[in-house]
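The values are calculated or read from the model by the stated rules, or taken from the named source; none is laboratory data. Treat the numbers as computed from the prediction; the structure is a model and nothing was measured. Methodologically, a virtual Cβ is constructed for each residue, glycine included, from the backbone with ideal geometry; neighbour enumeration extends over all protein chains shown.
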Amino acid sequence: MVNAVMSAPIAKSHQSSDWAGRISVVLVDDSAVAMTSMVRWLHNHLPLHITGQAEDGLNGFELVSRLQPDLVISDLQMPGLDGFELVERLRRNFPRMRLIIVSFDESPTLRSSSLRHGADAFIPKSRLPEELPGLLTRLFPQVTEVAPSLTLEPQL
């Protein structure tokens, strides 16, 4: 199933932020539980505009090709195309798009493998609340430089 547009509101604490909703994101994850958790957390803590969701790499590639978001956050292990294959295809077709691979597997080699395959970053899902805000300020400095300090409660 591909959900082309998410229309949930941005978290109240970010509605007045100068960069609220200015970073569009597509989420790709085959776990409905992980997807629901990530969407809920993002809506409650970060001012991102979730433009779509896909449950596997093939649908993710099609959705991203159609929507061309600023950012793709993809799970690593999925049917169809895994996160590495998805990132490789997206990097070839959309070289300026920002790509993050996430996984429950926290193996240190996944970070270097993710970068080798073209991702901008790898974040273990357990560390997403701590690492994503700082990563966004590095990936999108032109957007986030006007943002107030991003301090989050780590809950995912």
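Some observations on this one:
- Exclusive hit being closer than 22 Å to Ser126 by Cα, modelled with pLDDT of 90 or more and in a helix (DSSP H, G or I), set Val33, Val26: Val33
- Options Thr51, Thr36: the member that is more than 12 Å from the chain's Cα centre (by Cα), surrounded by fewer than 24 Cβ atoms within 10 Å (Cβ to Cβ), of a type in the set (S, T, N, Q) and at negative phi: Thr36
- Residues of the stretch 98-127 classified as buried (at least 21 other Cβ atoms within 10 Å of the Cβ) and either assigned to a helix (DSSP H, G or I) or aliphatic (A, V, I, L, M) (or both), total: 7
- Every residue from the stretch 96-133 that is farther than 23 Å from Gly57 by Cα and under 13 Å from the mean Cα position of the chain (by Cα): Pro129, Glu131, Pro133
- Test: residue in the stretch 84-96 that is outside any helix (DSSP H, G or I) and touching a Phe, Trp or Tyr at 6+ places or on another chain (Cβ under 7 Å): no
- Residue pairs whose Cβ atoms lie under 8 Å apart, sitting 6 or more positions apart in sequence or on different chains, and linking a residue in the stretch 88-101 that is at pLDDT 95 or above to a partner that is assigned to a helix (DSSP H, G or I) and basic (Lys, Arg), are Met97/Arg91; Leu99/Arg91.
- Test result for Pro47, under 22 Å from Arg127 (Cα atoms) and at pLDDT below 95: yes
- The test for being under 23 Å from Arg127 (Cβ atoms) and touching a residue at least 60 places away in the same chain (Cβ under 8 Å) holds for Asp70.
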